[in-house]
Amino acid sequence: MVSVSAIKWWSMSLIQVNDLERTYQEGGVSTPVLRGVSFDIESGEFLSIMGPSGSGKSTLLHILGFLDKPTGGQYLFDGRSVADYDEKASAQVRNHRIGFVFQTFNLLSRYSVFDNIRLPLVYSGTEESAWAETTRAAIEAVGLTHRTDYPANQLSGGEKQRVAIARALVNQPEVIFADEPTGNLDSKSGAAVMEIIEQLNSQGHTIILVTHETETAEHANRVIRIKDGQIESDRPVANRRSVKNFRK
């Protein structure tokens, strides 16, 4: 797997959320989605966020991933309020410290596996001379060396999700956000994806996973349940699931 030796460990929580709110305005109508959410996430933690459709879990993920901004409360990333980040600083965090995996893969269908995974490096400031080696390392990390030159539209759903994970991994981020990563997959492909995510966490990556599936959520060490924009429960997982354990 790709090394994460460059990860910094801090005495404070990596992510701190205090009374976070998000309200959308449209046509003079206010729609509150998050209503005073508070929690901390430590470096290296594996956290699942669960909730029914419309509960606010994806909105929360987008705020934590610097894709949206709160309308109230406070979000500290690495001890710094996101209110202090301008667009350039936010982009640097997204490009260098955060990786995203989405349910819909978001791949360029006519591009090869190699080119899809290499794409984030183009915008990262990484020396071009290192792009090929770094991309191949990410491809190897998700077991797709034999598909390197295949266009994305010729891959199975499980392979597409592994490409999406490799693309998220290529910049060696500290935090990986996964939004319903197994939602479009059969059980076998979903298990393969969760095994990769477990391995990434064991190497030190902080994993924040949004899912509506209890079995998927319980691969994490901790589960936060959200309902109507508020935290319903926040608990450790007593009997954590593991793909490897299921195979024994």
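The values are calculated or read from the model by the stated rules, or taken from the named source; none is laboratory data. Keep in mind the model is a prediction, meaning the values are calculated, not measured. Counting neighbours? That spans all protein chains shown, and the Cβs are built from the backbone with ideal geometry, glycine included. Surface accessibility is based on the protein's heavy atoms, side chains included, excluding ligands, DNA and RNA. Shrake-Rupley method; radii C 1.70, N 1.55, O 1.52, S 1.80 Å.
Annotations for the structure displayed:
- A count restricted to the range 149-158 and to residues that are open to solvent by less than 30 Å² (accessible area, probe 1.4 Å) and part of a loop (DSSP other than H, G, I, E, B) stands at 1.
- Within the range 96-141, the residues that satisfy the criterion of being of a type in the set (K, R) and not in a loop (DSSP other than H, G, I, E, B) are R118, R136.
- Qualifying residue in the range 7-27 (condition: open to solvent by 40 Å² or more (accessible area, probe 1.4 Å), in contact (Cβ under 8 Å) with a residue 12 or more places away in the chain, among the aromatic types (F, W, Y) and more than 30 Å from L155 (Cα to Cα)): yes
- Within the range 52-66, the residues that satisfy the criterion of being open to solvent by 10 Å² or more (accessible area, probe 1.4 Å) and either over 18 Å from the mean Cα position of the chain (by Cα) or small (G, A, S) (or both) are P52, S53, G54, S58.
- Pairs with Cβ under 7 Å, 6+ apart, first in the range 170-196 and closer than 21 Å to T135 by Cβ, second surrounded by fewer than 20 Cβ atoms within 10 Å (Cβ to Cβ) and basic (K, R): P173/R97; E174/R97; V175/R97
- Filter result for Q103 (at pLDDT 95 or above and open to solvent by 50 Å² or more (accessible area, probe 1.4 Å)): no
- Residue within the range 67-86 that is free of Cβ contacts under 8 Å to residues at least 12 places away in the same chain, open to solvent by less than 30 Å² (accessible area, probe 1.4 Å) and more than 21 Å from H212 (Cα to Cα) present: yes
- Filtered residues of the range 175-207 (kept if assigned to a strand (DSSP E or B) and either charged (D, E, K, R) or open to solvent by 30 Å² or more (accessible area, probe 1.4 Å) (or both)): D179
- For A91, the criteria (1) modelled with pLDDT under 90; (2) touching a helix residue (DSSP H, G or I) at 6+ places or on another chain (Cβ under 9 Å) hold in every case but one, which is (2).
- For the range 168-196, filtered to residues that are out of contact with any strand residue (DSSP E or B) (no Cβ under 9 Å at 6 or more places or on another chain) and closer than 14 Å to T104 by Cβ, the residue that is modelled with the lowest pLDDT is N184.
- When Q161 is tested against the conditions (1) in a helix (DSSP H, G or I); (2) open to solvent by 10 Å² or more (accessible area, probe 1.4 Å), the lone failure is (2).
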